[in-house]
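In what follows, a structure is listed as structure tokens, so that the remarks can point back to it.
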Amino acid sequence: MSFSLFEYFCCKDKHMTDTSKIKPNTNLIGHNIVYFETVNSTNTVAKENDFKDGTVVIAETQTAGKGRMGRTWESNQSTGIYMSIVLMPDISADRISLLTLAAGICVCRVLTKMCNIPFKIKWPNDIVADGKKVCGILTEGVISETQNKAVVGIGINVTNKNFGDELCNKASSIYMLTGKVFERENIINAVLEEFEKTYTDFIRGKSFIKDYEKLCINIDRQVTFVKDGKTVSGTAVNVAENGELVIKKEDGTTLNINSGEVSVRGIYGYY
Ligand code: BTN
């Protein structure tokens, strides 16, 4: 493959991540940055290597970016942020999935402030604005007898100008929402700083569920989902302390749903 001089400099100077600019004002998270131009998935690399606590794995593109429930995450060269935070939290394995919700709050806050438009969370892990998804979060755990490890993978659509047929009604990017090109390094720094605060409070026992509920677009809305082969409808009433979405069904009974089991759909388009 050959590049013109113009393409070469565009690539090197304008689009590739400048890792020297990734310097979050944190105590732990993001002090060790592991950067790749291409990987299968930053989550996979983070899970399969012995990186130290707080390491952030970042890639320019992913060939097998993973989403929730076996889906793929479109990871085009340099249009998005593809990063995974490696954590060694002293928490039980069943609380690791709560890190998805914590990261969701942080991305939401950072993007809302930066873009000056409201971002919300579609339970459990989609960050949405103007009815479309801009960011997804996938947390994976590596459980062992000695030390549990959590990998919080964050994908943010930053400079995408459009999406293909399958995604165009569901996905958006920061550029499509604001018309501005924000530097990915600045977004990464801000997300890591915000996340470290929430994460530190969380492992010290502070709950963030009330903050999450305020940002969660599903609360007080109708949702439908398939559970054990049956389509169930109801109103999302709150989020339980373990991260489950609490649904009041049409017959008046309540049901807690776990992020691992179902994909929630609202009745208003994507929500
Ligand atoms: C989802 O919305 O279903 C979750 C998407 C998570 C995508 C990110 S991109 C960085 C990290 N590496 C992956 O393979 N997935 C996550």
Kindly indicate the residue of segment 120-155 that is touching a residue at least 24 places away in the same chain (Cβ under 8 Å) and not in a strand (DSSP E or B) and also farthest from the ligand (Cβ to nearest atom) among those meeting that condition.
Gln147
Taking the conditions exactly as written (assigned to a loop (DSSP other than H, G, I, E, B) and either away from the ligand (no atom under 11 Å from the Cβ) or of a type outside the set (Val, Ile, Thr) (or both)), does Ala59 satisfy them or not?
no
Looking at (1) of a type in the set (Ser, Thr, Tyr); (2) surrounded by 21 or more Cβ atoms within 10 Å (Cβ to Cβ); (3) out of contact with any Leu (no Cβ under 9 Å at 6 or more places or on another chain), which is the only condition Ser97 fails?
(2)
Quick test of your reading of the structure: Glu193 fulfils all but one of (1) buried (at least 20 other Cβ atoms within 10 Å of the Cβ); (2) touching a Pro at 6+ places or on another chain (Cβ under 9 Å). Name the failing condition by number.
(1)
Subset of segment 106-135 [farther than 22 Å from Glu74 by Cα and in contact with a Leu (Cβ under 7 Å, 6 or more places away or on another chain)]:
Cys115, Ile117
Residue check: is Ile105 within 15 Å of the ligand (Cβ to nearest atom) and under 24 Å from Asp201 (Cβ atoms)?
no
What are the residues in segment 79-90 that are under 17 Å from the mean Cα position of the chain (by Cα) and either open to solvent by less than 10 Å² (accessible area, probe 1.4 Å) or of a type in the set (D, E, K, R) (or both), if any?
Gly80, Ile81, Tyr82, Met83, Ser84, Ile85, Val86, Leu87
Picked from segment 62-71 (must be modelled with pLDDT of 95 or more and either near the ligand (Cβ under 8 Å from one of its atoms) or part of a strand (DSSP E or B) (or both)), the residue nearest to the chain's Cα centre (by Cα) is Gly67
Being farther than 30 Å from Thr224 by Cβ, in a helix (DSSP H, G or I) and in contact with a strand residue (DSSP E or B) (Cβ under 9 Å, 6 or more places away or on another chain) is true for just one of Thr100, Thr44, Thr112. Which residue is that?
Thr44
Restricting to segment 77-102, name every residue that is within 16 Å of the ligand (Cβ to nearest atom) and either of a type in the set (Gly, Ala, Ser) or in contact with a Gly (Cβ under 6 Å, 6 or more places away or on another chain) (or both).
Ser78, Gly80, Tyr82, Ser84, Ile96, Ser97, Leu98, Leu101, Ala102
Can you tell me which condition Ala190 does not meet? The list is (1) small (Gly, Ala, Ser); (2) at negative phi; (3) at pLDDT below 95, and all the others hold.
(3)
Restricted to segment 25-56 and to residues being of a type in the set (Ser, Thr, Tyr) and within 12 Å of the ligand (Cβ to nearest atom), the residue nearest to Glu140 (Cα to Cα) is Thr44
Please verify whether Ile91 is part of a loop (DSSP other than H, G, I, E, B), over 22 Å from Ser20 (Cα atoms) and touching an Asp or Glu at 6+ places or on another chain (Cβ under 8 Å), treating the condition exactly as stated.
no
Could you say whether any residue in segment 125-143 is among the small types (Gly, Ala, Ser) and more than 20 Å from Arg265 (Cβ to Cβ)?
yes
Among what's in segment 207-242 and is of a type in the set (D, E, K, R) and in a loop (DSSP other than H, G, I, E, B), pick the residue that is surrounded by the fewest Cβ atoms within 10 Å (Cβ to Cβ).
Asp228
Identify the single condition in (1) more than 24 Å from Asn258 (Cα to Cα); (2) within 16 Å of the ligand (Cβ to nearest atom) that Cys115 does not satisfy, given that it satisfies every other one.
(2)
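The values are calculated or read from the model by the stated rules, or taken from the named source; none is laboratory data. Predicted model only: the values in this text are computed from it and were never measured. Note that each Cβ is placed from the backbone with ideal geometry, even for glycine, and that neighbours are counted across all protein chains shown. All accessible areas refer to the heavy atoms of the entire protein, side chains included, with ligands and DNA or RNA removed. Shrake-Rupley method; radii C 1.70, N 1.55, O 1.52, S 1.80 Å.
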